[in-house]
Structures are given as structure tokens and as C-alpha cells.
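Participant: There's a structure below that I have some questions on.
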Amino acid sequence: MRRTIAAGIAIAVTGLTLAFGGSPARAIPIAGDYSVIDLTTDPALTAAGVVTTALGTAEIHHYGILGVTLAVLPVTGGDVDLPTSFLGTVEHDGSGLRLSFLGVDLDFTNLVMSTITGKVTADFTVGAASGTAEIFDILPCDSGAPGTCATIPGGAVIPSALRLTFSADGAALVAFAFGIPGLAGVQFGVWNTALRAVPEPGTALLVSGALAGLAAIRRSRRA
């Protein structure tokens with residue numbers, strides 16, 4: 001898996017302490033880069049016969065020896081208070097995840113992570129039904145509680161990430177699609193993200209002005 005953070009301001013989200021329900025002090029538009037969800041429920045879903053695959057521009061990588069499955073979703077936009085509170089939204093248009101069970105597909109696409117509401121919203125499709133729902137709750141990892149943000153349930157704790165648990169609506173969709181009940185509050189995965197802020201016009205002008213000045217100095221030295 002090769003990921004390159006393009007020109008701009010790249011922020012890797014680590015060691016976050018979030019207070020959901022606030023408002024960003026200074027929301028900065030973002031243009032990338034990607035989110036990674038460690039699908040910690042994947043072994044349980046697979047054991048039940050549920051298969052998880054990628055949709056659109058998303059990718060899924062299986063590491064069988066480690067028992068780890070990673071979903072990679074490109075970040076396409078949003079507004080986030082960087083680099084202080086990380087309050088805002090992170091958008092993933094054009095990608096998603098498909099859960100399949102006995103010939104039935106449940107698609108979650110265009111995920112929007114909101115650290116303001118502590119919810120993940122997505123478009124869903126199952127059979128002839130479709131709509132938009134809050135499918136996951138976003139919760140801080142508690143490094144003092146082993147298993148809350150484990151790569152494998154009961155495994156190593158990742159205190160720098162955020163955990164995603166099935167919301168009431170997300171669990172209801174799984175129950176409706178597959179007849180599998182009781183997933184509300186169950187951890188779906190561990191979310192890490194790297195963000196690239198959109199350069200501000202003032203910053204871009206300062207950079208272009210500095211380059212022009214440097215070129216003028218070089219020309220005068222050659223003259």
C-alpha cells in the first residue's frame with residue numbers, strides 16, 4: 001500500500017482528546033489525504049458469514065498473519081479545526097464499504113465523520129431501500145481500558161486513534177439486512193486519518209512573492 005501526502009499542510013491525527021458537541025474555533029477546509037479504519041469486527045463478521053469489501057475509491061487490505069483488515073478511504077473534503085481541537089467534518093465522497101451476507105448487500109458510501117456530533121453519517125443501500133443514516137458513533141480511545149481500541153479485540157491498544165461503534169441506526173440496518181441483532185455499541189473499527197489542509201490564498205501569495213524575489217536576486221547576481 002503506497003500513500004503519498006501531496007503538497008500542502010499534512011496533519012496526522014494522533015493523541016486526540018475530544019469533547020464532542022463543541023464548535024470548531026477555526027475550521028480550515030481540507031482536501032485530503034486519507035482515513036484508515038482498522039476493521040476490528042471483521043473476524044466476528046466473517047465468522048458469521050458476512051464479507052466486507054471496498055466500494056468506489058476505497059481499498060481493503062488483509063494481513064492474515066496479524067489477523068488485521070484495514071479499509072483505506074480517500075479524504076475528499078471537509079472543514080476541521082487544525083491542529084488544535086480537530087473539531088469538524090471529514091468527508092469521503094466516492095468511496096465506501098459493502099457488507100454482504102447470503103446474497104444480500106448492505107452498502108455504506110460517502111462517509112462523513114463529524115467530531116462535532118461524534119457521529120459517522122453515510123448513504124446506505126440495501127435491496128430497494130436507500131437513504132442516509134448515522135451508522136457509527138465516534139468515541140475517544142481509552143488507553144487505560146484494554147480492548148477499547150485494539151487492532152484485534154483484546155489485543156494491543158492504540159491510544160492515538162478513535163473508535164467507531166455501531167450506532168442504533170447502524171445496528172438496525174444490519175439487523176434489517178442480515179437478521180443479525182445486537183450490534184448497537186459493538187466496535188466496528190479504529191479510525192486514524194491524515195489530513196491535508198487547503199492552502200490559504202494569503203499563504204500562496206506569500207510563497208509566490210518569495211519565489212519571485214529569489215528569482216530577481218539571482219538575475220541581478222548574474223548581471
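Participant: Enumerate the amide H contacts of residue 87 below 5 Å, restricted to partners 5 or more residues apart or on another chain; note that Pro and chain-start residues carry no placed amide H.
Facilitator: Here the answer is 81, since their amide H atoms fall under 5 Å of that of residue 87.
Participant: Going by how many other Cβ atoms sit within 10 Å of their own, how do 65, 135, 60 line up, fewest first?
Facilitator: Fewest-to-most Cβ neighbours within 10 Å comes out as 65, 60, 135.
Participant: Search the structure for amide H atoms under 5 Å from the amide H of residue 111, placed 1.01 Å from N in the peptide plane, and list their residues when 5 or more places away or on another chain.
Facilitator: Sorted by chain and number, the residues that satisfy this are 92, 95.
Participant: Hey, can you grab everything whose amide H is under 5 Å from the amide H of residue 119? Only 5+ residues off in sequence or another chain; H modelled, so Pro and N-termini drop out.
Facilitator: The answer is 114, 138.
Read-outs: derived from the displayed coordinates by stated rules, not from any lab. Worth saying up front: this structure is predicted, and the values here are computed from it rather than measured. Methodologically, a virtual Cβ is constructed for each residue, glycine included, from the backbone with ideal geometry; neighbour enumeration extends over all protein chains shown.
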